1. Cut-off 12 Å, label point 7 angstrom out along Cα-to-Cβ of Ala344: give me the residues of region 67-89 whose amide nitrogen falls inside.
2. If we count every other residue with Cβ under 11 angstrom of Pro109's Cβ, Lys/Arg +1 and Asp/Glu -1, where does the sum land?
3. So if I take the centroid of the Cα atoms in region 100-125 and the same for region 153-221, what is the distance between those two points in Å?
4. Whole Å is fine, so just give me how far the alpha carbon centre of region 338-415 lies from that of region 52-98.
5. So how long is each side of region 17-67 along the principal axes, counting just the alpha-carbon atoms, biggest first, in Å?
6. Hey, what did region 140-215 get for relative contact order, percent, Cα under 8 Å, at least 6 apart?
7. Counting only other residues whose beta carbon sits under 10 Å from that of Arg336, what net charge do I get with K and R as +1, D and E as -1?
8. Net charge near Ser276: determine it from the other residues with C-beta under 13 Å of the C-beta of Ser276, scoring Lys and Arg +1 and Asp and Glu -1.
Amino acid sequence: MWLPGHLGALTRWVPPSLVDEVVQAAGCGERRVRLLPARVVVYFVLALGLFGDCGYRRVWAAMTARWPHGTVADPSAAALRQARQRLGPKPLMLLFDRLRGPVGAAATPGVFWRGLRLVAWDGTCLEVPDSPANVACFRRHAAPTTRPAGYPQLRLTALVECGTRALIDAVFGSQQSTELPQARCLLASLRPGMLLLADRGYDGFEALRDAAATGADLLWRVQAGRLLPVVRPLPDGTHLTWITDRRSADRLAKWQRRGRRTPPPAMTALTLRVISYQITATSADGTSRTSMVRLVTTLLDPHRHPATELATLYHQRWEIETAFYGLKVTLRGADRVLRSRTPAGVEQELFALLALYQASRQAITEAAAGAHLDPDRLSLTIALHTIRLTVINARTSDPASLVAALIQARNLAPSQRRSRTSPRCVKRTLSPYAYNKTKGSVGRKTTVTTTVTLTSHPTTTEPP
């Protein structure tokens, strides 16, 4: 029989021994016997993330539903709130730190490409309650010409394993924090043997230099109009270029005009390979749209790392967008804010959500490996629904019910996802005012046929 401190089938990945370990490491162990010991409170905070639409008393009722009335404590909402405050955010931070990391193995589909583990980083925003403390800490989003957002926001930047959508690391702070400084905090989690995918928001010499210094390889999109002179053309239509800081740009330009093939001495310059290609998306009604994409990569050998494969591989970066959707919509709930009205409570709640998400991804990956399936085909929605039921039922510690629900044929996504496109629209930051949609699109995704065409470069060195 379960004790009140449990997480249903997910307890296998968040066992009591791990919870006790982080509680002791955080120095939050109780000095006297309490009706709500620290271990139980940690599980309660995690359950708050699972049952995001329920109040404290209803979440506690779900955790203790299988216990006879009178055999467990029946705390008030105020007592549960005070227990959260006593616990603080540090145990949940340490719990996420123990759970985070890659979960895919060499045989897991989509995790590796030519021996490199595919990872991506990006940032997103989450809304927090509109309290004076949260506004002072996290700030509201506001453009010079628009009204402030209805809720303050925090910015979260994460490093995700593409094949499993598991969280390798994450950092968050005020909405005023930009993605680049937060990404620097994630550099310690990059390793040699990783291939880091990133979008145009990280296009800059310092970011490229620091990420390459970790030993990880890079495949980043850059601005289409950025000047990337041809230092040496390659036989597959790509070319090598040098990137340096602005102070050294003039000196580097003079050096290139002389036809030199190596950077000047005593200058920090990155040698990168440039891949330019066009994407043509043709919809079912015959209309087509073409856009240019430019990538830079530290993989310089065109024979070991073909450009056509890299161009196709870059679009795996969208796995991190799916991970953010799973965290912000599937787990937290669509158009919902976090429940905590203090910065410490927000920090505790968000680390609980990150730990829940990571444990769920571990369960999904393990179930997929046992059934010899691609983890992308298993549903996070089905996993969370099943976990909630096992929390309420609390009959067995065997996660077989979770695995069985995940691998049922009717719950599996197709093995080949259809190619889709969705027009961009102005995002609504939980405001009571209407938001713009692309005319005629009604926000729906359209099935398309996508064609990738590489763009060749001249075989002579061009001046910058």
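1. 82-89
2. Charge balance in the 11 Å sphere: -1.
3. Measuring centre to centre over Cα atoms gives 13 Å.
4. 19
5. That works out to 31, 20, 17 Å along the principal axes.
6. Relative contact order for region 140-215 comes out at 23 percent.
7. 0
8. Charge balance in the 13 Å sphere: +3.
Bear in mind that the values in this text are calculations on the coordinates, not laboratory data. Note that the structure is predicted; figures quoted are calculated from it, not measured. With ideal geometry, Cβ positions are generated from the backbone for all residues, glycine too; neighbour counts draw on all protein chains shown.
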